[in-house]
Protein chains: 2
Amino acid sequence: MGVLVVCSGGLDSVVLAHQVGKDRDLDRLLSFDYGQRHKKELDFAALAAADLGVRHDIIDISNVAQFLTGSALTDDVAVPDGHYAETSMQATIVPNRNAIMLSVAYGVAAGAGAREVAIAVHGGDHFIYPDCRPGFIDAFRRMENQALEGSWEIDLYAPYVDKSKADIVRTGAALGVKFERSWSCYKGGATHCGRCGTCVERAEAFHLAGVADPTDYEDADFWRSAGSP
Amino acid sequence: MGVLVVCSGGLDSVVLAHQVGKDRDLDRLLSFDYGQRHKKELDFAALAAADLGVRHDIIDISNVAQFLTGSALTDDVAVPDGHYAETSMQATIVPNRNAIMLSVAYGVAAGAGAREVAIAVHGGDHFIYPDCRPGFIDAFRRMENQALEGSWEIDLYAPYVDKSKADIVRTGAALGVKFERSWSCYKGGATHCGRCGTCVERAEAFHLAGVADPTDYEDADFWRSAGSP
């Protein structure tokens with residue numbers, strides 16, 4: 001009955017949506033509004049769903065997120081500039097975010113009769129996000145096998161968990177993904193800022209992949225001086 | 001830094017709240033509004049928090065629950081009468097409910113600096129609810145160890161997972177819990193109906209425990225004819 005893709009509208013999950021759309025039975029895209037400071041990337045998730053001709057649901061979990069304090073993504077804390085892997089980026093951790101989003105996605109998949117939930121976690125996030133590591137993905141899959149035993153069989157598809165963001169850019173290029181139809185910047189400006197952690201990571205990934213970067217950055221060269229992890 | 005107790009206002013979780021209040025460092029009670037057809041039990045969770053002198057938060061996840069279809073607890077499906085363990089009660093399954101609630105509870109615990117999340121799942125629920133079984137509890141604990149690795153250490157406390165509801169009644173009686181300050185009935189009437197699955201299970205548990213049942217049931221004897229699982 002198909003695959004439900006957790007899609008934020010960022011580069012990784014937009015490429016994943018296109019990959020599933022080509023190789024598997026894509027059912028729908030699912031986004032989360034957790035009260036992030038800007039919702040611009042959700043428009044890009046909607047764009048990906050339209051491009052792929054599938055349903056797009058946005059689940060508002062901001063009622064939940066207001067209890068999860070201490071993160072620059074949702075709180076009134078300044079977004080740090082610099083490389084994603086630096087300690088300063090730990091300010092962008094939302095406690096238990098992937099477990100919450102995946103648990104909800106599994107519930108939605110069960111209700112929709114979908115057989116697989118797909119998420120675009122990747123190796124570049126391993127440094128500071130434990131809930132992006134292979135150990136978490138495996139443990140989550142086993143937990144859901146127990147939770148849904150006898151009622152639903154839903155698998156977790158995380159094809160990028162051992163790959164780099166540069167690998168994802170290469171995959172997207174091979175699929176013909178229009179990368180400008182994805183949004184990475186933590187700030188919600190007219191163009192990508194080029195200075196925040198995800199902008200630096202994005203620009204660097206295109207460079208490492210040897211793929212031309214179509215992104216319009218306000219500060220296009222900042223990433224070169226931000227340094228590798 | 002304390003224990004966060006997931007408390008619906010039902011008999012099991014109210015007894016658990018009192019047990020944690022006596023034996024451990026109770027931090028707060030956490031309830032979920034998932035769009036259940038009546039919210040009466042949430043008032044009893046608030047009552048328990050007041051009795052224990054701790055904070056009580058209600059997290060509204062009805063935005064999530066509207067995507068989780070097919071359950072009599074939230075949908076417009078008739079609540080079946082009869083014993084809890086009967087097949088008809090499968091209509092009351094909310095897909096992935098405990099994984100969703102526990103994931104959110106862990107996120108709240110992380111934000112609050114709590115060290116433990118407590119939940120009152122028990123052996124009587126094992127027949128039809130896979131997410132109440134020991135295998136689920138163990139797998140969930142391991143999943144969260146991975147998800148929060150290096151940032152937070154939070155344990156899962158489920159002391160009733162191998163006990164019966166009658167055991168919980170005995171525990172509550174020993175603690176002096178005022179059972180009438182808890183609510184089990186799936187219907188939201190002035191008194192417990194006595195006929196729905198949780199009313200039958202409640203009345204039977206007092207009988208099996210040999211504890212006087214202070215509950216005011218509309219149909220006080222129905223449970224005797226509903227039969228054991």
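The values are calculated or read from the model by the stated rules, or taken from the named source; none is laboratory data. Note that the structure is a prediction, hence the values are computed from the model and not measured. Positions of Cβ are backbone-derived with ideal geometry, glycine not excepted, and every protein chain shown enters the neighbour counts.
Checked against (1) surrounded by 24 or more Cβ atoms within 10 Å (Cβ to Cβ); (2) touching a residue at least 40 places away in the same chain (Cβ under 8 Å), B:Pro95 passes all but a single condition, namely (2).
Being surrounded by 19 or more Cβ atoms within 10 Å (Cβ to Cβ), within 30 Å of A:Asn98 (Cβ to Cβ), in contact (Cβ under 8 Å) with a residue 24 or more places away in the chain and in contact with a Gly (Cβ under 7 Å, 6 or more places away or on another chain) holds for only one residue in B:Ala120, B:Ala114, B:Ala158, B:Ala147, and it is B:Ala114. Counted as qualifying within segment B:110-229 are the helices (runs of 4 or more DSSP H) with 2 or more residues that are closer than 27 Å to B:Leu47 by Cα, hydrophobic (A, V, I, L, M, F, W, C) and under 14 Å from the mean Cα position of the chain (by Cα), namely B:165-175.
For segment B:180-190, the count of residues that are among the aliphatic types (A, V, I, L, M) and surrounded by 18 or more Cβ atoms within 10 Å (Cβ to Cβ) is zero.
Taking the stated definitions as given, is B:Arg55 within 14 Å of chain A (Cβ to nearest Cβ), at pLDDT 95 or above and closer than 22 Å to B:Gly111 by Cβ? In short, yes.
Between B:Phe127, B:Phe179, B:Phe140, the distinction of being away from chain A (no Cβ under 14 Å) and touching a residue at least 24 places away in the same chain (Cβ under 8 Å) belongs to B:Phe179 only. Take B:Ala174 and tell me if it is of a type outside the set (Phe, Trp, Tyr), over 23 Å from B:Ala49 (Cβ atoms) and at pLDDT 95 or above. For B:Ala174, the condition - of a type outside the set (Phe, Trp, Tyr), over 23 Å from B:Ala49 (Cβ atoms) and at pLDDT 95 or above - is not met. Remark: A:Gly35 falls outside the filter, which requires a residue to be surrounded by fewer than 23 Cβ atoms within 10 Å (Cβ to Cβ) and modelled with pLDDT of 95 or more.
Of all the numbered requirements in (1) closer than 29 Å to B:Gly2 by Cβ; (2) buried (at least 18 other Cβ atoms within 10 Å of the Cβ); (3) touching a Pro at 6+ places or on another chain (Cβ under 9 Å), B:Cys196 misses one, and that requirement is (1). Within segment B:182-206, the set of residues being free of Cβ contacts under 8 Å to residues at least 40 places away in the same chain and over 20 Å from B:Ala120 (Cα atoms) comprises B:Gly189, B:Ala190, B:Thr191, B:His192, B:Cys193, B:Gly194. Across segment A:18-63, the number of residues qualifying as among the aliphatic types (A, V, I, L, M) and not in a strand (DSSP E or B) comes to 11. Would you confirm whether or not segment B:126-139 contains a residue that is of a type in the set (Gly, Ala, Ser) and under 22 Å from B:Gln19 (Cα atoms)? Within segment B:126-139 (the criterion being of a type in the set (Gly, Ala, Ser) and under 22 Å from B:Gln19 (Cα atoms)), the answer is no, since none of the residues qualifies.
The single condition among (1) surrounded by fewer than 21 Cβ atoms within 10 Å (Cβ to Cβ); (2) at pLDDT below 95; (3) not acidic (Asp, Glu) that B:Ala65 does not satisfy is (1). A:Thr92 satisfies every condition listed in (1) over 17 Å from the mean Cα position of the chain (by Cα); (2) more than 7 Å from chain B (Cβ to nearest Cβ); (3) at pLDDT below 95 except (1).
Test B:Lys165 against the stated conditions and say whether it is in contact (Cβ under 8 Å) with a residue 12 or more places away in the chain and within 16 Å of B:Gly123 (Cα to Cα). The answer is yes for B:Lys165.
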